Amino acid sequence: MHFQSIFSRLRTDTEHFLCNILLAHALYEIVDQMLSRRKFTKLFHEHADALYRFAYFRVSDEEQAQDIVSMVFVKAWEKRDTCDGKNPTAWLYTIARNTIIDGYRKVEPKRLDDIEEPTEHDTTAEELDAETEKRLLVRALNTLQDDVREIVHWRYIERLSVRDVAERSGLSEANVRVIQHRALKQLRKWYEKR
């Protein structure tokens, strides 16, 4: 009889212990989801503007850039378990880059007949010169590979430090400096040939 009472108490203690484990696991999941949402919201606030500038630089359209940023964060939320947490910035920019590339694949090329002619009476000579310089810069930058162009964009258009560019790209600071140097050399050659 003595063994039976010990065994029944042990069984209730075990059932109680299992219930506590299940409850603790459920609480852990709730807290984990809350923390995940907070981290994601923080990630959004830290990177949304920079991702917009990145997208706008690539597509030259405000609405399209906003749509890209929205798609980036939707994809990031859906795939949040694929981010290892070591470099979420590089992860977001990879999603942005791939989203932009996917967008280019879906766009049909414009016919020359559909392109509007600029009206010169609406702009001043200075505005035309600035527009010409901008177009030259875009043409020069388009001679660079995509990853190199991104580094030049971050360093000279967004004016980020080498450390920040390294963080965004997932490269070392030394590698960013080398790529930056080679890109500037290539751009100089392009302008000299022009």
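In the range 129-159, what residues are among the aromatic types (Phe, Trp, Tyr) and open to solvent by 60 Å² or more (accessible area, probe 1.4 Å)?
The one that is among the aromatic types (Phe, Trp, Tyr) and open to solvent by 60 Å² or more (accessible area, probe 1.4 Å): 156.
From the list 139, 155, 135, which residue is part of a helix (DSSP H, G or I) and touching a helix residue (DSSP H, G or I) at 6+ places or on another chain (Cβ under 6 Å)? Don't jump to the end; show me each part of the working.
On the way: 139 fails: touching a helix residue (DSSP H, G or I) at 6+ places or on another chain (Cβ under 6 Å); 135 fails: touching a helix residue (DSSP H, G or I) at 6+ places or on another chain (Cβ under 6 Å).
Result of the check over 139, 155, 135: 155.
Answer yes or no: is there a residue in the range 176-190 that is free of Cβ contacts under 8 Å to residues at least 24 places away in the same chain and not in a helix (DSSP H, G or I).
No, every residue in the range 176-190 fails to be free of Cβ contacts under 8 Å to residues at least 24 places away in the same chain and not in a helix (DSSP H, G or I).
May I ask you to list the residues in the range 51-108 that are of a type outside the set (Gly, Ala, Ser), open to solvent by 50 Å² or more (accessible area, probe 1.4 Å) and part of a loop (DSSP other than H, G, I, E, B)?
Correct list: 61, 79, 84, 86, 107, 108.
Which of the numbered conditions does residue 168 fail, given that it passes all the others? Conditions: (1) over 17 Å from the mean Cα position of the chain (by Cα); (2) of a type outside the set (A, V, I, L, M); (3) assigned to a helix (DSSP H, G or I).
(1)
The values are calculated or read from the model by the stated rules, or taken from the named source; none is laboratory data. No experiment lies behind these values; they were computed from the predicted model shown. Virtual Cβ from ideal backbone geometry, glycine too; neighbours counted across all protein chains shown. These area figures cover heavy atoms from the full protein model, side chains too; ligands, DNA and RNA do not enter into them. Shrake-Rupley method; radii C 1.70, N 1.55, O 1.52, S 1.80 Å.
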